[in-house]
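Asker: Sending over a structure as structure tokens; questions will come in a sec.
The values are calculated or read from the model by the stated rules, or taken from the named source; none is laboratory data. Note that this is a predicted model, so its numbers are computed, not measured. With ideal geometry, Cβ positions are generated from the backbone for all residues, glycine too; neighbour counts draw on all protein chains shown. The area values use the complete protein model at the heavy-atom level, side chains included, leaving out ligands, DNA and RNA. Shrake-Rupley method; radii C 1.70, N 1.55, O 1.52, S 1.80 Å.
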Amino acid sequence: MRKPLLATLTAIALGAAALTVTAGTAAAAPDHVSGATPTAATAAVRPVGTPASLTASSFAGTVALSNCSGSLIRMPNSQATDPGLVMTNGHCLETGLPSAGQVITNQSSTRSFTLLNASAGTAGTLKANKVVYATMTDTDVTLYQLTKTYAQIQQSTGIAPLTLSAAHPVQGHAIDVVSGYWKRVYSCSVDGFAYRLKESQWTWKDAVRYTPECQVIGGTSGSPVIDRTTGQVTAINNTINENGESCTLDNPCEVDEQGAVTIRQGTGYAEETYTIPACFTTGNKLDLSAPGCTLAKPAAVAAR
């Protein structure tokens, strides 16, 4: 979870990064690119042998933040009249990284997001009025509530939200990591799952492991991971092991049920999102006490 390497930025300035994504570049984390503007070119690395029947993901519904990627999302039961939601990583929160065990709910926010159309052009600007939920405990997610409803957003921009799947990701399924910040698509497959993924002080449960084609870089943090079979969001991109260290910042490690640690240098990961819909009720209202909701809770709530 780090800023882009200087070498990465230099390559982008030369146009090289629009053509290739090199293994071992910066991890998928918040980055502030001083004086740099993300390129409009897109680079998609499609896995060899991907069936032509699978749906290729577009940029429609993705967003660019000042330091990360994200998406305009809806729950399976959200209505057009509900306030819109934007999803990104917990470590992309504008007030700083939540510490291990910290859960933030209903915090005021005035953050803005650049909404993209299918070809990665700007469709409009979205504004938040609060952080509905943010944490880096068990998962790595921030959910913002917007000032406009889905219907209002679609009327003014022509863009509909992406739908969060309520089903667990499937091993072997083709996926696209769609970065609104870099306007790039990384295509690979779900290689498997890490029982626990540990990075520095944070531990995430049942993380998605990418096949090697998804060499995500800084700024792709918070990108929606789209299952190309369903077209729905199945996870949220968040990190990669950069240089083979064990369980350190920018070098997550996998921990199995027996506590054995596995290090996979150059492997990227995402956090599953299928548990989120159970925590949202009518009107896109967060209810951490709802049946089936397993998201981490604020300390005061968890102690009850």
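Asker: Evaluate the charge dipole of the range 198-287 about its Cα centre and quote only its size in Debye, nearest 20, assuming +1 on the Cβ of each Lys and Arg and -1 on the Cβ of each Asp and Glu.
Answerer: Working: 6 positive and 13 negative charges, 47 e Å.
The calculation lands at about 220 debye.
Asker: How many percent of the accessible area of the range 73-188 is carbon or sulfur, using a 1.4 Å probe?
Answerer: On the way: 1890 of 4080 Å².
Roughly 46 percent of what the probe reaches on the range 73-188 is carbon or sulfur.
Asker: Each residue of the range 270-281 in turn: what ³J(HN,Hα) in whole Hz from Karplus with 6.51, -1.76, 1.60 and θ = phi - 60°, glycine and Pro shown as x?
Answerer: Using θ = phi - 60°, the values come out as 9, 9, 5, 10, 5, 7, 5, x, 5, 9, 10, 10 Hz.
Asker: Okay, next question. Counting alpha carbon pairs within less than 8 Å and at least 6 residues apart, what relative contact order, in whole percent, applies to the range 148-304? All intermediate terms of the calculation are to be shown ahead of the outcome.
Answerer: Working: 349 pairs, mean separation 33.0, N = 157.
Computed over the range 148-304, the figure is 21 percent.
Asker: For Thr149, what residues show an amide H to amide H distance below 5 Å, using hydrogens built from the backbone and excluding near sequence neighbours?
Answerer: Correct list: Gly84.
Asker: Here is a follow-up. With a 1.4 Å probe and all protein chains kept in place, how much accessible area does Ile240 have, in Å² rounded to the nearest 10?
Answerer: Accessible area of Ile240: about 0 Å².
Asker: Mind checking the full-extension length gain between Gln265 and Lys285? Use 0.36 nm per residue of separation minus the Cα-Cα distance, one decimal, nm.
Answerer: Answer, rounded to one decimal: 3.3 nm.
Asker: Can you give the net charge of the other residues whose Cβ lies under 13 Å from the Cβ of Gln232, counting K and R as +1 and D and E as -1?
Answerer: Charge balance near Gln232 sits at -1.
Asker: Leu249 to Ala278: FRET efficiency via 1/(1 + (r/R0)^6), r the Cβ-Cβ distance, R0 25 Å, to the nearest 0.05?
Answerer: 0.20
Asker: Can you work out the FRET efficiency for the pair Gln155 and Thr110, with r the C-beta to C-beta distance and R0 = 25 Å, to the nearest 0.05?
Answerer: It comes to 0.65.
Asker: Rounded, prolate or oblate: pick one for the range 152-209, where a ≥ b ≥ c are the square roots of the eigenvalues of its C-alpha gyration tensor, a/c under 1.5 means rounded, and failing that, prolate if a/b is larger than b/c, else oblate.
Answerer: It is prolate, given that a/c is not under 1.5 and a/b is the larger ratio.
Asker: Right, something else. With only Lys, Arg, Asp and Glu charged, each at its Cβ (+1 for the first two, -1 for the last two), find how big the charge dipole of the range 126-252 is about the Cα centre; round to the nearest 20 debye.
Answerer: Value, rounded to 20: 520 debye.
Asker: At 1.4 Å probe size, with every protein chain present, just tell me what the per residue accessible area of the range 159-304 comes to in Å². Could you put the intermediate results ahead of the total?
Answerer: Numbers: 5190 Å² over 146 residues.
So the range 159-304 comes to 36 Å² accessible per residue, rounded to a whole number.
Asker: Sticking with this structure for a sec: In whole percent, how big is the carbon plus sulfur part of the accessible area of the range 218-304, probe 1.4 Å, protein atoms only?
Answerer: That share works out to 50 percent.
Asker: Taking a virtual spin label 7 Å from the Cα of Asp256 along the C-beta vector, which residues in the range 170-208 bring their backbone nitrogen under 14 Å of it?
Answerer: 193-196
Asker: Within 10 Å, count the other beta carbons around each residue, average over each peptide in 225-234, 176-185, and list them highest first.
Answerer: Averaged packing, sorted descending, gives the order 176-185, 225-234.
Asker: Which of rounded, prolate or oblate describes the range 169-302 when judged by the alpha-carbon gyration tensor and an a/c cut-off of 1.5?
Answerer: oblate
Asker: Shifting gears a bit: With θ set to phi - 60° and the Karplus curve 6.51 cos²θ - 1.76 cosθ + 1.60, what are the ³J(HN,Hα) couplings of the range 170-185 in order, to the nearest whole Hz, using x for Gly and Pro?
Answerer: Listing the rounded values in order: 10, 4, x, 5, 6, 9, 10, 9, 9, 8, x, 5, 8, 6, 9, 10 Hz.
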